[in-house]
Amino acid sequence: MTIRIYPSLLPGEPIETHEWTGTLAGFFTSKGIDYAAHETQPVAVSVNGDPLPVDRWADTYLSAKDDVEIRLIPNGGIFKGLGNILGKIFNAVFGWLMPGGGGARDYNSPGQGRQLETSQAKANQAKLGDAVPELAGRFRRFPDYLTPPRRHFANPREQWLEFHACIGPGHYQIHAADVKVGETPFSALGADGHYQIFAPGANLSGVSTHEHWHTVDEVGGTSSGTAGLELSTELANRENTQPASYDFDGDEISRPTGDFPTGWGSGTIVNVEYPRQYSVSTVHVPDGGFGYNISEITGYFGHALPLSTVGIGAIGSTTTYTVRSAVDQGGGVYAIRLEDDGGSPVVLTPGTQTMIFGAEIPRTVITYGEQDLTVSPGGFQAGAVSGSRVVFAGGTVYGEWTSEFVATPGNETTSTLEFDFFFPGGLAYISDEGALQNRTVGVEFQHRNLAGGPRVTVQRTYTQRTLDQIGFTERINIAAARTACRSRRVGASSTSTQVQDTIHWYGLKCRLPTRTSYPNWTTMSIRLRSGGRIAAQSENQINVVATRILPTLQPDGTWSAPQPTRDISAFARHIALSIGYTDENIDMDELLRLHNLWVSRGETFDYVFDLTTVKAALDAVLQAGMAELTVADGQIRPVRDGARSTFEQSYSPQNMTGPLRRTFRSKRHDDPDGVEVEYTDAETWTQKTVICSLPGSQRLKLEKLTLDGVTDRTRAWRIGMRRAREIEYQRWEYAFGTEMDAFNSEYGSYVALFDDIPGYGQSMLLERIEDHPDGALLHVSEPLRWEEGQNHIVGYRRPDGALAGPWSASPGPDEYTLIADIPKPWPVVTLKQELPHVYFGTSERWTFPALIKQVTPNGTESASVTAVNHDNRIYADDNNFPPN
């Protein structure tokens, strides 16, 4: 079925359309509406043009062919009941508050949830997928993060924090003095702080703050108090556990089991014990007289070239000899003869022997793998060699790898990485004389594609001579991928007190796709020099005092061009327009009347809205102007109560369907005897309270009243005093029924109520009216009760239900007549229509002045009415000022 929802019983276009199959009760349930909780329903339902009573909503199945209309019943202007629907069935959440649906690529609002009420927020927040707060009037706003805060080192001694933030939908006036970090204006920061405001739709592609940099939380400050993950080296990570054999091949050394130490890498120096079989023979060399004997050693010497000197023996116990001669036999095989330091020939035991040559030749690691090395010089013969050893000898050492951290969130990919390194104690060598000298530290950063592929290594070397804290930010471009990263130190960390070279891996960030324009929002870029220049707790306290720019209501009822405004009327209209309403949906005459009153009294609305409903928002806006929200004839109508002197309608036994029920609420010991009003102070932007009570109150129990949008003490006190006086003086409640008459009244209508109680006013029908020398002679249907010594008055009901009069009255010729100077035209007395109602009594007790609170239709032909007494004492403090 198609469900069409209309704003009133009048002809017009639907404001919403829904497709649904099932019962109407099921439809309401799907929208979160418990219609059964309402004693009377604020809507009328028809199916294919025929009314559908409430008792059939739950059991009447509606097919796809049915045409269903739901029409809101104005309820005589009463919003109660309708408001419960308006917040749900119409989805009347501020349409302009909601960004697009959240998802992995939804960068409209980054971050997580909210922790504070927006109007009272004391810090910038990330509100991913949440409502975009709406600022009304003039109010302080802590803009929400649009991009995550990004820290980076612009140079070794300058760290900057930057981000982009949302001030709110629409346009604002913001003065430079009202843009602050905490309580400090940006202008006081000088070169240490910069901001820029951007109107909706501005191109941000040239502004660095628009970039979305995801910061990896796992890299940074630790619970042990360090600023980052410390990169250090340990002696243990240099020791090599030797396998039973190594595989050699030229300049490559591989181990079949285990791993080489993690502290080794490119630039590490190792010694290699490389046992080989050698043939030793004794050779006699004639030399003049008897000659001399010398050993000739034949075997593989490719790993010990050049053969000028050679060492025989294991690492640490090598004997070095000079090569007297060497004959190359090809393939790295040589026949060599040795002499000692004195030049004497070396003679060894003849035979085949396993010997170690060149064990202490320094070999530099060129490439490192966990199970294989490439070294220089190499020259090893291919094959597995038992009893061989590879031992650390110095050179470059490496720290332990940090854990490997995924740099990209979710399934995102990145093509740009940033990594930060921080030296908390500076980087320097302190000489014995106290002079600072250069100290060098290297780092190694690796990244890999999580989908597969090798690790890619990036090395950086830092040389400084300073004891100041310094940091470095490095940026690299990579092929787009989901990426994992790790890092380690290159170079031994010193234990000397003369060396400062502690290094922390301070940050890891990846750049994600982002927006270059926000069509509907005013935004701002923020750049702060952080580190030691401003306290960390202030870095997320960027705030502005902004004034909303909206069209304002003009004396002729038109709207101006957008301008800075705090007008209640301007924002009330803005709310209505935001859900698709037009000025035709607003009672513009009443809005203009109240606008002039609000402006003359200096009443404004200043607030920041979070997620809310249209009704709740309009309630808050109008409350700041002592008004309330109603709907009359399908139009939004603001109603402001106040001291009254002219009645609007009248109700008496002549048009009541039952007796007038009067209920007096007497004072009880637990009744509030004052009101505590909470409001936001526009000077300090903090919550303050003002106590409102009548003279003689002991203030033992205070009613709490929170005023959103009121920012000065006097206005808060006046509203609170009106409520305190309502508690004291508004104690009568009235209830009665009528046929269609009550549909003339609206919420807040000032009406006259009459009853047959002796001592109070009388009501009767006018049977005839004729000229009299003192005005008019009225003939009525009931005998008149005159009270000696009292002033009597009379009035009558016009055909539209309005009350005419009262005027002074005097007795006529008989008890059924009275004389009053009633201006013409007089009421028409004819049997073609209901006779006019006449109201008569003393000026003191002529009627019960009342304010309509609710008109509840009983179908389309009758209504039930509730009202409260009207008392001008309630408004006695509307123009007064609070005590000091």
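The values are calculated or read from the model by the stated rules, or taken from the named source; none is laboratory data. As the structure is a computational prediction, the values presented were derived from the model and not from experiment. Backbone-built Cβ (ideal geometry, glycine too); neighbour counts: all protein chains shown. In case anyone asks, the SASA skips ligands and DNA or RNA and just uses the protein heavy atoms, side chains included. Shrake-Rupley method; radii C 1.70, N 1.55, O 1.52, S 1.80 Å.
Observations, loosely collected:
- Filter pass, residue 682 being of a type in the set (Gly, Ala, Ser), open to solvent by 50 Å² or more (accessible area, probe 1.4 Å), in a loop (DSSP other than H, G, I, E, B) and within 23 Å of residue 717 (Cβ to Cβ): no
- Evaluation of residue 853 against (1) in a strand (DSSP E or B); (2) of a type outside the set (Ser, Thr, Tyr); (3) open to solvent by less than 20 Å² (accessible area, probe 1.4 Å) (one fails), failing number: (3)
- Residue within the stretch 688-698 that is more than 23 Å from residue 587 (Cβ to Cβ), at pLDDT 95 or above, open to solvent by 70 Å² or more (accessible area, probe 1.4 Å) and not in a loop (DSSP other than H, G, I, E, B) present: yes
- Taking the stretch 270-284 as the range and being surrounded by fewer than 16 Cβ atoms within 10 Å (Cβ to Cβ) and either touching a residue at least 60 places away in the same chain (Cβ under 8 Å) or of a type in the set (Phe, Trp, Tyr) (or both) as the test, the residues that pass are 277, 279, 281, 282.
- Pairs meeting the criteria (first residue in the stretch 178-201 and under 20 Å from residue 548 (Cβ atoms), second residue aromatic (Phe, Trp, Tyr) and open to solvent by 30 Å² or more (accessible area, probe 1.4 Å), beta carbons under 7 Å, at least 6 apart or on different chains) are 179/195.
- Just one of (1) more than 23 Å from the chain's Cα centre (by Cα); (2) hydrophobic (A, V, I, L, M, F, W, C); (3) surrounded by 15 or more Cβ atoms within 10 Å (Cβ to Cβ) fails for residue 176. It is (3).
- Residues considered: 131, 136, 121, 104. Of these, the only one that is among the aliphatic types (A, V, I, L, M), at pLDDT below 85 and closer than 24 Å to residue 184 by Cα is 121.
- Which numbered condition residue 579 misses (of (1) among the β-branched types (Val, Ile, Thr); (2) open to solvent by 50 Å² or more (accessible area, probe 1.4 Å); (3) more than 24 Å from the chain's Cα centre (by Cα)): (3)
- With respect to (1) at pLDDT 95 or above; (2) surrounded by 22 or more Cβ atoms within 10 Å (Cβ to Cβ); (3) basic (Lys, Arg), the lone exception for residue 637 is condition (1).
- Scope the stretch 186-207; condition surrounded by 15 or more Cβ atoms within 10 Å (Cβ to Cβ), outside any helix (DSSP H, G or I) and over 23 Å from the mean Cα position of the chain (by Cα); matching residues: 193
- Exactly one residue out of 869, 884 is surrounded by fewer than 21 Cβ atoms within 10 Å (Cβ to Cβ), free of Cβ contacts under 8 Å to residues at least 60 places away in the same chain and closer than 30 Å to residue 600 by Cα: that is 884.
- Residue 428 vs. criteria closer than 18 Å to residue 506 by Cβ, surrounded by 19 or more Cβ atoms within 10 Å (Cβ to Cβ) and among the small types (Gly, Ala, Ser): no
- All positions within the stretch 640-674 that are closer than 25 Å to residue 597 by Cα and touching a strand residue (DSSP E or B) at 6+ places or on another chain (Cβ under 7 Å): 640, 641, 644, 647, 648, 649
- When the test is whether a residue is under 21 Å from residue 851 (Cβ atoms) and modelled with pLDDT of 95 or more, residue 550 does not pass it.
- Of the strands (runs of 3 or more DSSP E) lying entirely inside the stretch 322-381, those containing at least 2 residues that are of a type in the set (A, V, I, L, M) and without any contact (Cβ under 8 Å) to a residue 60 or more places away in the chain span 333-339.
- Residue within the stretch 395-407 that is open to solvent by 50 Å² or more (accessible area, probe 1.4 Å) and under 25 Å from residue 161 (Cα atoms) present: yes
- Residue among 367, 457 that is over 30 Å from residue 214 (Cβ atoms), surrounded by fewer than 17 Cβ atoms within 10 Å (Cβ to Cβ) and of a type in the set (S, T, N, Q): 367
- Counted residues, the stretch 722-762 - those being hydrophobic (A, V, I, L, M, F, W, C), touching a Gly at 6+ places or on another chain (Cβ under 9 Å) and part of a loop (DSSP other than H, G, I, E, B): 1
- In the stretch 651-677, the residues that are open to solvent by less than 40 Å² (accessible area, probe 1.4 Å) and β-branched (Val, Ile, Thr) reach residues that are modelled with pLDDT of 90 or more and assigned to a strand (DSSP E or B) with C-beta atoms within less than 7 angstrom, at least six apart or across chains, in these pairs: 675/692; 675/703; 675/705; 677/689; 677/690; 677/692; 677/705.
- Every residue from the stretch 577-593 that is assigned to a helix (DSSP H, G or I) and among the small types (Gly, Ala, Ser): 578
- Residue satisfying all of: in the stretch 215-232; open to solvent by less than 50 Å² (accessible area, probe 1.4 Å) and not in a loop (DSSP other than H, G, I, E, B); nearest to residue 506 (Cα to Cα) among these: 229
- Remark: pairs (first residue in the stretch 708-728, farther than 20 Å from residue 617 by Cβ; second residue assigned to a helix (DSSP H, G or I) and among the β-branched types (Val, Ile, Thr); Cβ separation under 6 Å; 6+ apart in sequence or on different chains) = 725/874; 726/874.
- Filter result for the condition that a residue is surrounded by fewer than 16 Cβ atoms within 10 Å (Cβ to Cβ) and closer than 30 Å to residue 232 by Cα, over 258, 342, 263, 291: 258
- Test: residue in the stretch 594-601 that is in a helix (DSSP H, G or I), at pLDDT 95 or above, buried (at least 19 other Cβ atoms within 10 Å of the Cβ) and in contact with a Lys or Arg (Cβ under 8 Å, 6 or more places away or on another chain): yes
- Entirely in the stretch 767-841, the strands (runs of 3 or more DSSP E) that have 1 or more residues that are buried (at least 17 other Cβ atoms within 10 Å of the Cβ) and on the phi > 0 side of the Ramachandran plot: 775-780, 803-811
- Residues (of a type in the set (Gly, Ala, Ser), out of contact with any helix residue (DSSP H, G or I) (no Cβ under 8 Å at 6 or more places or on another chain) and buried (at least 21 other Cβ atoms within 10 Å of the Cβ)) located in the stretch 728-766: 752, 761, 763
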